[in-house]
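Chemist: I'd like to ask you about the structure that follows.
The values are calculated or read from the model by the stated rules, or taken from the named source; none is laboratory data. Keep in mind that this is a model prediction, so the values were computed, not measured. Cβ coordinates were reconstructed from backbone atoms using ideal geometry, including for glycine residues, and neighbour counts include every protein chain displayed. These area figures cover heavy atoms from the full protein model, side chains too; ligands, DNA and RNA do not enter into them. Shrake-Rupley method; radii C 1.70, N 1.55, O 1.52, S 1.80 Å.
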Amino acid sequence: MIEVRDLVKKYGSNTAVRGISFNIEKGRIYGLLGPNGAGKSTTMNIMTGCLSATSGSVKVDGFDIFEQPAEAKKRIGYLPEIPPLYIDMTPKEYLSFVAEAKGVPASKRDRQVGEVLELTGTDGVKDRLIRNLSKGFRQRVGIAQAMIGDPEIIILDEPTVGLDPKQIKEIRDLIRDLAQVKTVVISSHILAEVAEVCDHVLIISNGRLVADSELADLEEEAGRSNGLTVRARGSAADVKALLESVAGPGSVSVTGSSGGLTEAVVKSGAGREAEGAFRDKVFFAFASAGIPINEMYHRESSLESIFLELTEKDIYGGPEEDDGDVIPGVPDVGSADGGTAAAQGGAEGVAQEKPSGKKKKSAGGSGDYTPLFGGGEEEQDKGKGDDD
């Protein structure tokens, strides 16, 4: 559904995104993961057409986001990290305005607004001013505006940031429900957040894509990385040879050697229930050789350790060009004003002005209404009519 190819974004001599390529497929939940300043928000803003790229391409359902923005943006609903809400409006008024900005036919606006209010659990606060809502409800209203227009892809930038544990659980449940009928992409710098709701992970570090994998594959890799760490007073060659005599060739990695001490990690392939017997074999092998063991412990790798390993080391080698997407003197592209998110609906610039209280005549019609998530394509309203 989304094809990102060789994406680059530069601010003068600083490079925020460095040749990223990946695919987003239909019907899945993707997690865009990385440390703060890694380039996640920059990538999302380019994907949604809110920010231009220095080079590279983004296609949404075959439409180029730069050359065919109206068609591409119709298929995307976007929630920036800071929801672009008008706080002196009610959720119902705000969503009606977003629906008009996105070009939803007048005859269908009220029903679409009603559906997203119900789906996001904001129907009970639809007539309260947004300024008086909790942060959790504001986030729900932000997700609701992304759903207006029935886009095929929902992109959420840090959707649970700043929420309390109860609110986080509620937003996660909402994302899971949304994923039943939509393709969802969320960004986060918290691994647990992505692991909780996503089935595919994209990890960005310093503007580069360092992992593009199924979550299950990363978990399997973490399991394979488990091993027994041994620190012994002997040469690297002697320690490695002794460990391989117990565990077999190719199972030992020497991780350090200095001051007469050698540290090595050995992967036995044994389950945790057999770990004690394996440690005994290692102990007696070193005792027979007269090499004292200073320390021996089981290293349990996790998704967190895999994430840290991928984001902390420079896997590409060579000097770094800059510090990622936090550019001094340049506004944070992850933040949004009142018009940032509405642009993805295909009505560029419409939402940048605050609406007046007057209703306008709009293109409408009295044809059959197709529910937002009921399947099938909506017919174009060609007649003229008043707002419902």
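Chemist: Identify, please: which residue in segment 3-16 is modelled with pLDDT under 95 and either open to solvent by less than 20 Å² (accessible area, probe 1.4 Å) or part of a helix (DSSP H, G or I) (or both) and is, among those, nearest to A70 (Cα to Cα)?
Modeler: Selected residue: A16.
Chemist: What is the residue count in segment 17-28 for residues that are touching a residue at least 60 places away in the same chain (Cβ under 8 Å) and open to solvent by 20 Å² or more (accessible area, probe 1.4 Å)?
Modeler: Count: 7.
Chemist: Go over the candidates V116, V98, V104, V161 one by one and state the one that is closer than 28 Å to E193 by Cα and crowded, with 21+ Cβ neighbours inside 10 Å.
Modeler: V116
Chemist: In segment 194-219, which residues are closer than 29 Å to K10 by Cβ and either in a helix (DSSP H, G or I) or aromatic (F, W, Y) (or both)?
Modeler: V194
Chemist: Regarding segment 132-153, can at least one residue be identified that is touching a residue at least 12 places away in the same chain (Cβ under 8 Å) and farther than 27 Å from C198 by Cα?
Modeler: yes
Chemist: Let me ask something else. Might you let me know whether segment 152-162 holds any residue that is farther than 22 Å from H189 by Cα and either aliphatic (A, V, I, L, M) or assigned to a loop (DSSP other than H, G, I, E, B) (or both)?
Modeler: yes
Chemist: I would also like to ask the following. Kindly provide the set of residues from segment 105-121 that are under 19 Å from L178 (Cβ atoms) and either part of a helix (DSSP H, G or I) or at pLDDT 95 or above (or both), ordered by number.
Modeler: Once the filter is applied, which keeps residues that are under 19 Å from L178 (Cβ atoms) and either part of a helix (DSSP H, G or I) or at pLDDT 95 or above (or both), segment 105-121 yields R111, Q112, V113, G114, E115, V116, L117, E118, L119.
Chemist: Of the residues I76, I155, only one is touching a Pro at 6+ places or on another chain (Cβ under 8 Å) and at pLDDT 95 or above; which?
Modeler: Exactly one of I76, I155 is touching a Pro at 6+ places or on another chain (Cβ under 8 Å) and at pLDDT 95 or above, namely I76.
Chemist: Right, D61: open to solvent by 50 Å² or more (accessible area, probe 1.4 Å), among the acidic types (D, E), over 17 Å from the mean Cα position of the chain (by Cα) and at pLDDT 95 or above or not?
Modeler: No; evaluated as a whole, the condition is false for this residue.
Chemist: For segment 122-147, what are the residues that are crowded, with 17+ Cβ neighbours inside 10 Å and part of a loop (DSSP other than H, G, I, E, B)?
Modeler: Across segment 122-147, the qualifying residues are T122, K126, L133.
Chemist: Within segment 270-280, identify whether any single residue is under 19 Å from L242 (Cβ atoms), open to solvent by less than 40 Å² (accessible area, probe 1.4 Å), modelled with pLDDT of 90 or more and in a helix (DSSP H, G or I), and answer yes or no.
Modeler: no
Chemist: Which count do you get for residues in segment 17-49 that are touching a helix residue (DSSP H, G or I) at 6+ places or on another chain (Cβ under 6 Å) and part of a loop (DSSP other than H, G, I, E, B)?
Modeler: Number of matching residues: 4.
Chemist: What about I76, is it open to solvent by 10 Å² or more (accessible area, probe 1.4 Å), within 28 Å of E193 (Cα to Cα) and in contact with a helix residue (DSSP H, G or I) (Cβ under 9 Å, 6 or more places away or on another chain)?
Modeler: So I76 does not fit the description; no.
Chemist: Additional query: Regarding P84, is this residue in contact (Cβ under 8 Å) with a residue 60 or more places away in the chain and closer than 20 Å to V184 by Cβ?
Modeler: So P84 passes the test.
Chemist: Which one is modelled with the highest pLDDT, of the residues in segment 298-315 that are of a type in the set (S, T, Y) and touching a strand residue (DSSP E or B) at 6+ places or on another chain (Cβ under 9 Å)?
Modeler: Filtering segment 298-315 for residues that are of a type in the set (S, T, Y) and touching a strand residue (DSSP E or B) at 6+ places or on another chain (Cβ under 9 Å), the one modelled with the highest pLDDT comes out as T311.
Chemist: Assuming I168 fulfils every condition listed in (1) in contact with a Leu (Cβ under 9 Å, 6 or more places away or on another chain); (2) farther than 26 Å from C50 by Cα; (3) aliphatic (A, V, I, L, M) apart from one, which condition is it?
Modeler: The one condition I168 does not meet is (1).
Chemist: Okay, next question. Can you tell me which of (1) crowded, with 23+ Cβ neighbours inside 10 Å; (2) in contact (Cβ under 8 Å) with a residue 60 or more places away in the chain; (3) β-branched (V, I, T) is the one I46 doesn't meet?
Modeler: Unmet for I46, out of (1) crowded, with 23+ Cβ neighbours inside 10 Å; (2) in contact (Cβ under 8 Å) with a residue 60 or more places away in the chain; (3) β-branched (V, I, T): (2).
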